[in-house]
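> My questions all concern the structure below.
The values are calculated or read from the model by the stated rules, or taken from the named source; none is laboratory data. Not measured: the values here are computed from a predicted model. Neighbour counts are summed over all protein chains in view; Cβ atoms, including those assigned to glycine, are modelled from backbone coordinates with ideal geometry.
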Amino acid sequence: MDSSAYSLARETYAALGVDTEAALTRLAATPISLHCWQGDDVGGFEKPNATLSGGGIQATGNYPGKARTLDELRQDLDLVYKLLPGRHRLNLHAIYGDFAGKLVDRDAIEPKHFASWVAWAQARKLHGLDFNPSCFSHPFAADGATLSHDCKAVRDFWIAHCAAARRIGASFGKTFGTTTTTNVWIPDGSKDTPFDRSGPRQRLAASLDAVFAEKLSATDHRDAVESKLFGIGAESYTVGSHEFYLGYASKRGDIAYCLDAGHFHPTESLADKIASVLQFTPSLLLHVSRGVRWDSDHVVTCDDATRAIFEELVRGGFLGRTAIGLDYFDASINRVAAWVIGTRAAQKALLGALLEPATLLRTAEQTGDHALRLALFEESRALPLGLIWDEFCRRENVPVGLGFMDEIKSYERSVLAHR
Ligand code: RNT
Ligand code: ZN
């Protein structure tokens, strides 16, 4: 039985030509790929006490309870998935392999090092796994260059790593029967003004050609390349800039471009880039994140920028060509809460987009009635999105409203506080 609050909300939306049942069906069928690295501040378990270096990415904060082992990370993720409505994916980085205490260097990783993740994800009926080569936290990344390095031996090492990562990604896709996205992001850049901006980009393009040389099944696997504006310690120059990767992805025509919401100037709209990118690339990977000044990785909230991204996906009919992933790391609050709050916020933003009075908006625009269009946008802001969201949580048997925080607090007391 639907709640009476839902029935009222459904009628409110219906009066604007919006079918809330269709929106809920679509929401339930849209997986979000959760980033494994929120649970341990992007440390990974490659070897004990791995520290981040040469990455230009930094988790700040030291809230107690960080996952110290694969088992702890999985235990935390179990609670996270339990508190999320819908069926989702997990996005792994290469440094999260199950290396059984041995040092397996990045160029030697194989699907077998991720077999325990596959079993874990299958047992929980996840939608699938996604993957990333880890081109940071490694001696060969310490001087701020990987695939664009001027030393061929270093480039070859990272090429081998990325190629190995693609094969692991493809093995995930085959196992789960859903397309795995393997995303290449590298930190290459420089702190101060470089003289030569071209050489590193020529080398990066050649390295990427080598990385993507092996043909993999397009059903099992999709490649993506991620741009960035700048990083900490790489403020003046980023080899893999927006122009570089957009050009590279469009020229190839067979790989996805990854837009990270924290990787642009704060006044730029990521939402506005989507329709342009998808004119020239087959698919898109989104790293849903929240930039705050120079930090690109705050916990996602259902703010205007995030809502605009999902509105664009729905309005343009782009959901089917877009892989949705999260990318943030906050070490200053309970990490499980950060995961759950951010994922639920992204889902709520998607729901908001699915509930737009699209037909009325389109007609108003097409007939030149821009006052009506503005009025519709403004009235939409106060529509009872929360009541539809609550109904979704109720149907999916996950906590409604703040109930998820009670479970997280009790987990903090019984588990996280003892780490
Ligand atoms: C870094 C990129 C990249 C990473 C993860 C860990 O700026 O956004 O996606 O955050 O791969
Ligand atoms: Zn990212």
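> Scan segment 258-289 residue by residue and report those that are within 12 Å of ligand 2 (Cβ to nearest atom) and of a type outside the set (Asp, Glu). Walk me through it before giving the result.
Our first condition is that a residue be within 12 Å of ligand 2 (Cβ to nearest atom); within segment 258-289, this holds for 258-264, 270, 285-289.
Residues satisfying the conditions are Cys258, Leu259, Ala261, Gly262, His263, Phe264, Leu270, Leu285, Leu286, His287, Val288, Ser289.
> Of the conditions (1) surrounded by fewer than 24 Cβ atoms within 10 Å (Cβ to Cβ); (2) in a helix (DSSP H, G or I), Asp192 clears all except one; give me its number.
Tallying (1) surrounded by fewer than 24 Cβ atoms within 10 Å (Cβ to Cβ); (2) in a helix (DSSP H, G or I), Asp192 fails exactly one: (2).
> So which residues in segment 92-108 are part of a loop (DSSP other than H, G, I, E, B) and either surrounded by fewer than 22 Cβ atoms within 10 Å (Cβ to Cβ) or touching a Ser or Thr at 6+ places or on another chain (Cβ under 6 Å) (or both)? Let's see the steps before the verdict.
Applying the first criterion (part of a loop (DSSP other than H, G, I, E, B)) to segment 92-108 yields 97-105.
Those that are part of a loop (DSSP other than H, G, I, E, B) and either surrounded by fewer than 22 Cβ atoms within 10 Å (Cβ to Cβ) or touching a Ser or Thr at 6+ places or on another chain (Cβ under 6 Å) (or both): Asp98, Phe99, Ala100, Gly101, Lys102, Leu103, Val104, Asp105.
Each row is one residue, and each column tells you yes or no for (1) touching a strand residue (DSSP E or B) at 6+ places or on another chain (Cβ under 7 Å); (2) over 30 Å from Leu77 (Cα atoms).
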site	(1), (2)
Lys125	no, no
Ser134	yes, no
Asp143	no, yes
Arg167	no, no
Val184	yes, no
Ser190	yes, yes
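> Separate question: Have a look at Ala205, Ala249, Ala218, Ala210 and point out the one that is part of a helix (DSSP H, G or I), over 14 Å from Asp188 (Cβ atoms), more than 16 Å from ligand 2 (Cβ to nearest atom) and among the aliphatic types (A, V, I, L, M). Walk me through it before giving the result.
Details: Ala205 fails: over 14 Å from Asp188 (Cβ atoms); Ala249 fails: more than 16 Å from ligand 2 (Cβ to nearest atom); Ala218 fails: part of a helix (DSSP H, G or I).
Just a single option satisfies the conditions, and that option is Ala210.
> Could you list, in sequence order, the residues of segment 122-181 that are of a type in the set (Phe, Trp, Tyr) and under 26 Å from Ile32 (Cα atoms)? Spell out the reasoning first.
Just the residues of segment 122-181 that are of a type in the set (Phe, Trp, Tyr), to begin with: 131, 136, 140, 157-158, 172, 176.
If the condition is that a residue be of a type in the set (Phe, Trp, Tyr) and under 26 Å from Ile32 (Cα atoms), then Phe131, Phe136, Phe172, Phe176 are the ones that fit.
> Give Ala123, Ala100, Ala119, Ala115 a once-over and let me know the one that is more than 19 Å from the chain's Cα centre (by Cα) and at pLDDT below 95. Please lay out each step first, then the result.
Working: Ala123 fails: at pLDDT below 95; Ala119 fails: at pLDDT below 95; Ala115 fails: at pLDDT below 95.
Checking each option against the conditions leaves just Ala100.
> Filter segment 272-304 down to the residues that are within 16 Å of ligand 1 (Cβ to nearest atom) and aliphatic (A, V, I, L, M), then identify the one that is nearest to Arg344 (Cα to Cα).
Quick first cut of segment 272-304, residues within 16 Å of ligand 1 (Cβ to nearest atom) only: 273, 284-300.
If we keep only those that are aliphatic (A, V, I, L, M) too, we end up with 284-286, 288, 292, 299-300.
Details: Leu284: 21, Leu285: 19, Leu286: 16, Val288: 12, Val292: 20, Val299: 11, Val300: 9 Å.
Result: Val300.
> Right, next: Considering only segment 170-195, how many residues are within 16 Å of ligand 2 (Cβ to nearest atom) and farther than 20 Å from Gly233 by Cα?
The qualifying residues number 3.
> Can you confirm whether Asp220 is at pLDDT 95 or above, more than 24 Å from Arg201 (Cβ to Cβ) and either surrounded by 14 or more Cβ atoms within 10 Å (Cβ to Cβ) or within 10 Å of ligand 1 (Cβ to nearest atom) (or both)? Show your work before the answer.
Numbers: at pLDDT 95 or above: yes; more than 24 Å from Arg201 (Cβ to Cβ): yes; either surrounded by 14 or more Cβ atoms within 10 Å (Cβ to Cβ) or within 10 Å of ligand 1 (Cβ to nearest atom) (or both): yes.
So Asp220 passes the test.
> Something else now. Answer yes or no: is there a residue in segment 317-328 that is among the acidic types (Asp, Glu) and crowded, with 16+ Cβ neighbours inside 10 Å.
The initial filter retains those residues of segment 317-328 that are among the acidic types (Asp, Glu), namely 327.
Pick out the ones that are also crowded, with 16+ Cβ neighbours inside 10 Å and you get 327.
Yes, some residue in segment 317-328 is among the acidic types (Asp, Glu) and crowded, with 16+ Cβ neighbours inside 10 Å.
> Can you find a residue that is in contact with a Phe, Trp or Tyr (Cβ under 6 Å, 6 or more places away or on another chain), in contact (Cβ under 8 Å) with a residue 40 or more places away in the chain, in a helix (DSSP H, G or I) and not basic (Lys, Arg) anywhere in segment 327-336?
Checking segment 327-336: not a single residue is in contact with a Phe, Trp or Tyr (Cβ under 6 Å, 6 or more places away or on another chain), in contact (Cβ under 8 Å) with a residue 40 or more places away in the chain, in a helix (DSSP H, G or I) and not basic (Lys, Arg).
> Go through segment 223-246 and report how many residues are outside any helix (DSSP H, G or I), in contact (Cβ under 8 Å) with a residue 40 or more places away in the chain and surrounded by 18 or more Cβ atoms within 10 Å (Cβ to Cβ).
Let us first name the residues in segment 223-246 that are outside any helix (DSSP H, G or I), namely 223-241.
Next, from what is left, pick out any that are in contact (Cβ under 8 Å) with a residue 40 or more places away in the chain: 223-226, 228, 230-240.
Those left that are additionally surrounded by 18 or more Cβ atoms within 10 Å (Cβ to Cβ): 223-226, 228, 230-231, 234, 237-240.
Of the residues in segment 223-246, 12 are outside any helix (DSSP H, G or I), in contact (Cβ under 8 Å) with a residue 40 or more places away in the chain and surrounded by 18 or more Cβ atoms within 10 Å (Cβ to Cβ).
> Please indicate, with yes or no, whether at least one residue in segment 223-244 is touching a Cys at 6+ places or on another chain (Cβ under 9 Å), within 16 Å of ligand 1 (Cβ to nearest atom) and among the aromatic types (Phe, Trp, Tyr).
As a first pass, look at segment 223-244 and keep what is touching a Cys at 6+ places or on another chain (Cβ under 9 Å): 224-227.
Now drop any that are not within 16 Å of ligand 1 (Cβ to nearest atom), which leaves 224-227.
Subset that is among the aromatic types (Phe, Trp, Tyr): none.
Looking through segment 223-244, none of the residues is touching a Cys at 6+ places or on another chain (Cβ under 9 Å), within 16 Å of ligand 1 (Cβ to nearest atom) and among the aromatic types (Phe, Trp, Tyr).
> With Asp2, Asp107 as the choices, which residue is more than 30 Å from Thr238 (Cβ to Cβ) and more than 16 Å from ligand 2 (Cβ to nearest atom)? Lay out the reasoning, then the answer.
Values: Asp107 fails: more than 30 Å from Thr238 (Cβ to Cβ).
Just one listed residue meets the conditions, Asp2.
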